[in-house]
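First up is the structure itself, then whatever we jot down about it.
The values are calculated or read from the model by the stated rules, or taken from the named source; none is laboratory data. Everything numeric in this text was worked out from a predicted model, so none of it was measured. Virtual Cβ from ideal backbone geometry, glycine too; neighbours counted across all protein chains shown. The accessibility values were calculated without ligands, DNA or RNA, using every heavy atom of the protein model including side chains. Shrake-Rupley method; radii C 1.70, N 1.55, O 1.52, S 1.80 Å.
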Amino acid sequence: MTDKSLPFTQAQLETIVAAVPTPFHLYDEAAMRRNAREFYSAFSWVPGGFKNYFAVKALPNPHILNLLREEGLGGDCSSMAELLLCKATGITGENIMFTSNDTPANEFRAACELGAIINLDDIRHLPFLEQALGGRLPSVLCFRFNPGLLKAGNAIIGKPEEAKYGFTRLQLFEGYRLARDRGVKRFGLHTMVASNELSPAYFLETAQMLFDLAVELHRELGIHLEFVNLGGGIGIPYRPDQTVVDLVNLSASIRGAYERTIRPAGLDPLRITMECGRMITGPYGYLVSRVLHKKATYKDYVGLDACMANLMRPGMYGSYHHITVPAREGGPRKTYDVTGSLCENNDKFAIDREIADPAVGDLVVIHDTGAHGHAMGFNYNGKLRSAEVLWSGGTQFRIIRRAENYADHFATLDYPGLQTSVCAP
Ligand SMILES: *Cc1c(COP(=O)(O)O)cnc(C)c1O
């Protein structure tokens, strides 16, 4: 079970809303910092050191990246924009993991110029990378392993054997051999086969699989891995009846596997890294919106001033996001479809959901939007992307991204009248 009460009071929320028009995403700074510290503390036993490279795509805002950098996190990038965000925030060198697929040459070059650890998605990217870098390879390389039928996947990533990512087992051994023979000195091994996974057993199994591979690679190729990267994918309890992953227990079980596998093989110390995004920021973000309309036809509807452009997960994956109506909690409840205004019937934050019965004008808070929330936004129907606000406790808050306006929206159209006809929000 997970407590879904809000960390801020209704009065604190009203103070923010008086200054920032809805909808916006509100992030809880203290909770993000506390969570990052607990994560690191759980893995403090790792002899070679532990690091989480925050998956930048989950919440690509430099103010957040900076806060996470202060807590010791690196950045996991998969695109040029994400590299630029890390660079601007002072996340550089081997604090960046570049895990990309179908990668353009210029992005490989940019990542190498920043000194990032390159994580290759395919064996054919070895010669491609070498050519992109003018005939050399970086001194450190990591390969992404796709275990195929050896491991079950889950709903978001799908079955590993049908996922586009990573090397097969044979390609993995071939890849390390090729890279070793071309003078690469330092190696890592990576996998990422699940997303939003709440079962600790799943991550233990992943760790064991990578530890076993580390031993085999050492035996067969004489390669001494410097680190294994267990990927991201630790889930969060979106639903009140789900339970948060116990990091202390998870870490202890991974430690057991390490003691049984890595230490006896003489591969100690081995660094353990991860690239979680969702569990780092997800639970600490809230989409704050207001009820625009209520409607009763064949079903009962609550229409918000936020829409799928602000949070795509319910419409795209059918994901559950908890909904609180601060002014009405404890009062009568009623079942609604909670919608946005897009001309798309899947623009619904919830279907047949019992919520505290709101009135038109009430604030509605949608939970767990701190990862893959604002980041997945889009402009369909000309909907503008919302602001992002960092809440630092009490009535302290800071706008860390302003809302888009129509001038932003039309900025790439060179057509008379559009740039200047900026309507009031
Ligand atoms: C998306 C992604 C992550 C982060 O996943 P979360 O579910 O947010 O933890 C990490 N690594 C890679 C390669 C990814 O594509």
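Among Ala31, Ala309, Ala201, which one shows the biggest mean-square fluctuation in a GNM of the chain, springs joining Cα atoms closer than 10 Å?
Its mean-square fluctuation being the largest, the pick is Ala201.
How big is the charge dipole of the chain about its Cα centre, in debye rounded to the nearest 20, if each Lys and Arg gets +1 on its Cβ and each Asp and Glu gets -1 on its Cβ? Show your work: numbers first, answer last.
Numbers: 43 positive and 46 negative charges, 62 e Å.
Dipole size: approximately 300 debye.
Check which residues have an amide H placed less than 5 Å from Asp122's amide H, if you skip close sequence neighbours.
none
Spelling out what I want: for every residue of region 121-137, take phi, set θ = phi - 60°, compute 6.51 cos²θ - 1.76 cosθ + 1.60 (Karplus), and round to whole Hz; glycine and proline get x.
So the J values, rounded to whole Hz, are 8, 8, 5, 6, 6, 4, x, 5, 5, 4, 5, 4, 9, x, x, 9, 10.
Report, by chain and number, residues whose modeled amide H sits under 5 Å from the one on Ile400, excluding near sequence neighbours (fewer than 5 apart, same chain).
So Ile400 has HN proximity to Glu388, Val389, Leu390.
Please give the helix 29-42 orientation as an angle from the longest Cα principal axis of the chain, in degrees from 0 to 90, rounded to the nearest 10.
Around 30 degrees separate the two axes.
Describe numerically, in nm with one decimal, the distance between label points set 7 Å from Cα along Cα→Cβ at Asn345 and at Asp102.
3.0 nm
Work out the FRET efficiency for Arg260 and Ala163 from their Cβ-Cβ distance, taking R0 = 25 Å, and round it to the nearest 0.05. Please list the in-between numbers first.
On the way: r = 29 Å, r/R0 = 1.15.
Computed FRET efficiency for Arg260 and Ala163 comes out at 0.30.
Please give me, ordered by residue number, the chymotrypsin sites (Phe, Trp or Tyr not before Pro) of region 269-348 that lie in loop per DSSP and have at most 14 other Cβ atoms within 10 Å.
Working: sites: Tyr284, Tyr286, Tyr298, Tyr301, Tyr317, Tyr320, Tyr336; in loops: Tyr298, Tyr320.
Here the sparse-neighbourhood loop sites are Tyr298.
In a GNM of the chain with a 10 Å cut-off on Cα contacts, which of Val228, Val244, Val360 has the highest mean-square fluctuation?
Val360
So what are the ³J(HN,Hα) numbers for region 233-246, from phi and the Karplus equation (6.51, -1.76, 1.60; θ = phi - 60°), rounded to whole Hz, Gly and Pro as x?
Rounded to whole hertz, the list is x, 5, x, 10, x, 5, 9, x, 8, 9, 10, 5, 5, 7.
Which far-off residues, 5 or more places away or on another chain, put their amide H under 5 Å from the one on Val244, with H placed in the peptide plane?
Correct list: empty.
Where q = 0.11, 0.13, 0.15 Å⁻¹, what log10 of I(q)/I(0) comes from the Debye formula for region 221-375, counting one point per Cα?
-0.56, -0.68, -0.81
Ratio of Rg to Rh for region 283-422, alpha carbon only, Kirkwood?
Working: Rg = 16.1 Å, Rh = 16.1 Å.
My calculation of the ratio gives 1.00.
Out of the total accessible area of region 283-422 (probe 1.4 Å, heavy atoms of protein only), what percent is carbon and sulfur? Please report the intermediate quantities before stating the final value.
On the way: 3360 of 6570 Å².
Within region 283-422, the accessible surface is 51 percent carbon and sulfur.
Could you do me a favour and compute the accessible area per residue for the chain, 1.4 Å probe, result in Å²?
Details: 18250 Å² over 425 residues.
Normalised by residue count, the accessible surface of the chain is 43 Å².
Kindly rank 362-370, 126-134 from highest to lowest mean number of other beta carbons found within 10 Å of each residue.
Details: 362-370: 23.8, 126-134: 15.1.
Highest mean packing first, the order is 362-370, 126-134.
For region 53-149, which trypsin sites (Lys or Arg not before Pro) are in a loop by DSSP, counting at most 16 other Cβ atoms within 10 Å? Spell out each step's value before the answer.
On the way: sites: Lys57, Arg69, Lys87, Arg109, Arg124, Arg136, Arg144; in loops: Arg124, Arg136.
Qualifying residues, ordered by number: Arg124, Arg136.
Over the chain, what is the percentage of antiparallel beta bridges among all DSSP beta bridges, to the nearest 5?
40 percent
Given the options Ala179, Thr191, Gly72, identify the residue whose Cα lies farthest towards the positive end of the charge dipole of region 29-280 (+1 on Cβ of Lys, Arg; -1 on Cβ of Asp, Glu).
Ala179
Could you give me the ³J(HN,Hα) list for region 138-149, computed from phi with Karplus coefficients 6.51, -1.76, 1.60 and θ = phi - 60°, whole Hz, x at Gly and Pro?
x, 6, 10, 9, 10, 10, 8, 8, 10, x, x, 6
When Lys and Arg each count +1 and Asp and Glu each count -1, what net charge do the other residues less than 13 Å away from Gly331, Cβ to Cβ, add up to? Display every interim value, and only then the final one.
Values: positive: Arg328, Arg333, Lys334; negative: Glu329, Glu354, Asp357, Asp362.
Taking every Cβ under 13 Å from that of Gly331, the sum is -1.
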